Each structure stands twice: as structure tokens, then as C-alpha cells.
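Input: a single structure, listed below in C-alpha cells.
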Amino acid sequence: MVAQLSVGVVVFYLLLIVAITYLGAARLALPWVAELLVTALILYLGRYLSTRYRLDAHTFTASRLFGSRRIPIEEIRHIAPANLRDLAPVSFIGSWGWRGRMWSPQVGSFDTVHTISDGLLVTAGDRVPVFISPKDPTAFRTELSRRVRSYHPDLDIESAPG
């Protein structure tokens, strides 16, 4: 399943790439600095566009270019709707980082493999929770919850503490 994408984010990346390329070509900046910035932006845009979520019989995988997070389904204990703005009200700097590790006053450290701010927070055992943004969060949560219950029929995945 692909992640939900924001047209505004993609357009913003492309505008930045065009602006920096133009400034580099106009020699308003050192050419190699412009090339380095454009390369970094293209890499981050590629990571954004490649964000995917996959469920198989035994694992949940959140992946993107040069990074992924695999969680055995039997270890998942909580799946909650979440908003990145509510989880990490201080800044979005962590989501720009390569690893995507952020901190929240509510849950402590958590990883992000997301594309938009609305999504799900998946908690598994002693692992750091992961924030994801599937295209249809309700359907994805229902399916993931169903698979978790196949391992733990008595687990109340919706109201379990994170």
C-alpha cells in the first residue's frame, strides 16, 4: 500500500529544485553548492515518493528509499490514530532527518515513515513506536488490527495503552 501523498509537498520540492537550479545557473551562488542542494532535494523527494507500507502473513513493513522499519505482527500491541502536529508540537525537524526519529511529550521517542501529518502510531513490544501515514488509515488500521488479533484474540488493540 502506498502512503498518502501531498501535492503541495511535491510542488514545493520541485519549486525549490527549480529555484536553486536557476540561481546556480545565474551564478548567484557557487555552482557546486547549488548542485549539492539540488541533489539533496531530489534525494529527499525520492524518499518521500517511495514511502510504502506492506503487510504479509507475519510482518508489517514501513519502507522508503534507503530505509525501512519491519515489525513482527505478533509484537504489535497498539494501533492508534495520530497526528504528527499533536505528537511533536515543537518542530518537524526530526521528520527531515534521515532516520526520522522524533520525540513527543505523550509517547517519548518514536520513528516516522510518513508523508503527511495524519496517520497511525503503531506500538510493538519494547520497540520505539512508528508513525505512518497510509492512504486509507481507517482501512489499514482495521486490517492490521485483524492480523494482530489472529495472534492475540483477547488483545484490545484500540484501547490498549501506548
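FYI, it's all coordinate maths here, none of it is from the lab. Since this is a predicted model, take the numbers as computed values, not measurements. With ideal geometry, Cβ positions are generated from the backbone for all residues, glycine too; neighbour counts draw on all protein chains shown.
Neighbours of T61 by Cβ distance under 11 Å: Lys/Arg scored +1, Asp/Glu scored -1, total +4. Take each peptide in 116-126, 55-65, count the other Cβ atoms within 10 Å of every residue, and average; sorted highest first, the result is 116-126, 55-65.
Only one residue of G8, I73, L84 has its Cα farthest out toward the positive end of the dipole of the chain, where Lys and Arg carry +1 and Asp and Glu -1 on Cβ, and that residue is G8.
Taking the DSSP beta bridges with both ends in the chain, the antiparallel portion is around 90 percent. Among the helices of the chain, those built from whole DSSP H runs whose Cα atoms reach 24 Å or more along their own axis and whose mean Kyte-Doolittle hydropathy is at least 1.6 are 7-25.
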